[in-house]
Amino acid sequence: MNGVNHCCVMTKINTLVMEDRAAPPGPGPYDVVVVPKMTGLCGSDMHVFLEGRAGESLFSDPLVLGHECAGVVAQVGSNVKTLKVGDRVALEPGAACLRCENCKSGDYNQCGDFKFAAADGFDGTLQGYYTLPADIAYKLPDNVSLAEGALMEPLAVAVMSVSKVAKIGHNQNVAIFGAGPVGLLTMAVAKALGARRILAIDVNASRLEFAKQYVGAETHLAIPMNPGEAREDYSKRHGKYIMEKFGLGERGLEAIDLVVECSGAEVCVQTGIWLVKRRGKFVQVGAGPAHNLIPMSIFVNKEVTMIGSLRYGPGCYPMAIDLVSRGLVDLKPLHTHTFPFKDAILAFETTKKAMGPDGKPAIKVMIEGPI
Ligand SMILES: [Zn+2]
Ligand SMILES: [Zn+2]
């Protein structure tokens, strides 16, 4: 570990600056210092970068961005027994206190003292050294690359929603709103865990084409709203339209057992409630506007179980890594672009436009390094 730490720092909205800082002190007894090698960008990075907030988290400057990361262990704390220098690891970017009521009951994503990379003043992984507790640095099997390791973060989000929160059963029909990276990975996990039908819904035809190729999803391009139509009327019409188009019922073998909403758009939330079967499950992953109107009477009438899913919890990273290592989820097709550290701004621009300087559509953009 040399004395300089190269950092990519967000100094204000829409501004990145390269800065050299002093290398961090050695790790605490239960920590490891990791050299980040690959950091992926996602929608929440873009919200922080362009709007100064993501969900409930507010930007406070200056901040090192990046939270989807894999790297190589450079130093281990004196009590760390699970890792050694040189191990390749996927980094879970949120450190919980492990002492509060939620942590002690196993729901550490609800920790009251959570320190998440690139949020609330905690620096992220776009730097030369990143220190974290060893128990949230997961050793990668030899057949999993560092780029795939960085994609474990959004994959863990998908594992959380489909496995831990929805507890998907055998032979279930799943509808997924939003075919961006998290939506696609949600489809991949649903497929790996035995989903019967996967229905992908989006407003973008090329994303849907990708979903069809990627997991064999049935796809639906959202129909347009009529002039002057209220959103809730559109959503009801849209839900019924999808049910008819795909031969879905409110009960039985061809009913939607589970909706996973990854877009956050109000009309998708509403449409999903119309679409799901009686006593079906609705899991909300996407963080859109702070407030959404939902069709309460049909929600109650059908006795829908609606649950929020935030980040990931115990076992999600190990399961994500195992699904990839066993070949049940393929992350490679999602990784479309890689930029060297010095061109980090190009990576942000590519993510923003969803299009690379090479003219190819971008799904997951990675930044290498800095070292
Ligand atoms: Zn992310
Ligand atoms: Zn806690």
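The values are calculated or read from the model by the stated rules, or taken from the named source; none is laboratory data. It should be emphasised that the depicted structure is a prediction, and the values quoted were computed from it without experimental measurement. Here the Cβ positions follow ideal geometry from the backbone for every residue, glycine too, while neighbour counts run over all protein chains shown. What goes into the accessible areas is simple: the full protein's heavy atoms, side chains included, and nothing from ligands, DNA or RNA. Shrake-Rupley method; radii C 1.70, N 1.55, O 1.52, S 1.80 Å.
Only helices (runs of 4 or more DSSP H) wholly contained in segment 100-211 count here; list those with 2 or more residues that are in contact (Cβ under 8 Å) with a residue 24 or more places away in the chain and under 30 Å from CYS7 (Cβ atoms).
Working: elements: 101-104, 146-150, 152-159, 181-192.
Ranges flagged: 146-150, 152-159, 181-192.
Of the residues PHE122, PHE116, the single one that is within 16 Å of ligand 1 (Cβ to nearest atom), closer than 22 Å to LYS164 by Cβ and open to solvent by 10 Å² or more (accessible area, probe 1.4 Å) is PHE116. For segment 165-214, a residue qualifies if it is among the β-branched types (Val, Ile, Thr) and either open to solvent by 10 Å² or more (accessible area, probe 1.4 Å) or touching a His at 6+ places or on another chain (Cβ under 7 Å) (or both), and the qualifying residues are VAL165, ILE168, VAL182, ILE198, ILE201, VAL203.
Is it the case, given these coordinates, that VAL85 is open to solvent by 10 Å² or more (accessible area, probe 1.4 Å) and more than 16 Å from ligand 1 (Cβ to nearest atom)?
yes
When each of ASP61, ASP45, ASP107, ASP120 is tested for being among the charged types (D, E, K, R) and within 14 Å of ligand 2 (Cβ to nearest atom), the lone residue that passes is ASP107. Of the residues making up segment 88-101, those that are surrounded by 16 or more Cβ atoms within 10 Å (Cβ to Cβ) and within 11 Å of ligand 2 (Cβ to nearest atom) are GLY94, ALA95, ALA96, CYS100.
The criterion of at least 1 residues that are outside the structural domain of ILE168 (by TED's automatic domain parsing) and open to solvent by 40 Å² or more (accessible area, probe 1.4 Å) is met by the following helices (runs of 4 or more DSSP H) wholly inside segment 260-339: 316-325.
What do you reckon, is PRO224 surrounded by fewer than 20 Cβ atoms within 10 Å (Cβ to Cβ) and within 16 Å of ligand 2 (Cβ to nearest atom)? Here the answer is no, as PRO224 does not meet what is asked.
Please work out which one of (1) open to solvent by 20 Å² or more (accessible area, probe 1.4 Å); (2) within 13 Å of ligand 1 (Cβ to nearest atom) is the condition LEU16 fails and give its number. The one condition LEU16 does not meet is (2).
Against the definition (under 19 Å from HIS335 (Cβ atoms), within 16 Å of ligand 1 (Cβ to nearest atom), touching a helix residue (DSSP H, G or I) at 6+ places or on another chain (Cβ under 8 Å) and among the small types (Gly, Ala, Ser)), how does ALA70 come out, yes or no?
Details: under 19 Å from HIS335 (Cβ atoms): yes; within 16 Å of ligand 1 (Cβ to nearest atom): yes; touching a helix residue (DSSP H, G or I) at 6+ places or on another chain (Cβ under 8 Å): yes; among the small types (Gly, Ala, Ser): yes.
Spelling it out, ALA70 is indeed under 19 Å from HIS335 (Cβ atoms), within 16 Å of ligand 1 (Cβ to nearest atom), touching a helix residue (DSSP H, G or I) at 6+ places or on another chain (Cβ under 8 Å) and among the small types (Gly, Ala, Ser).
Take the conditions (1) farther than 14 Å from VAL259 by Cα; (2) touching a Leu at 6+ places or on another chain (Cβ under 9 Å); ALA222 misses just one of them, which is (2). Among the listed residues VAL80, VAL33, VAL73, VAL48, identify the single one that is within 19 Å of GLU148 (Cβ to Cβ) and of a type in the set (A, V, I, L, M). The conditions single out VAL73.
Restricting attention to segment 24-46, the residues that are modelled with pLDDT of 95 or more and either more than 16 Å from ligand 1 (Cβ to nearest atom) or not assigned by TED's automatic domain parsing to the domain that holds THR338 (or both) add up to 10.
Taking the criterion of being surrounded by fewer than 19 Cβ atoms within 10 Å (Cβ to Cβ) and of a type in the set (A, V, I, L, M, F, W, C), the residues of segment 347-370 that qualify are ALA354, MET355.
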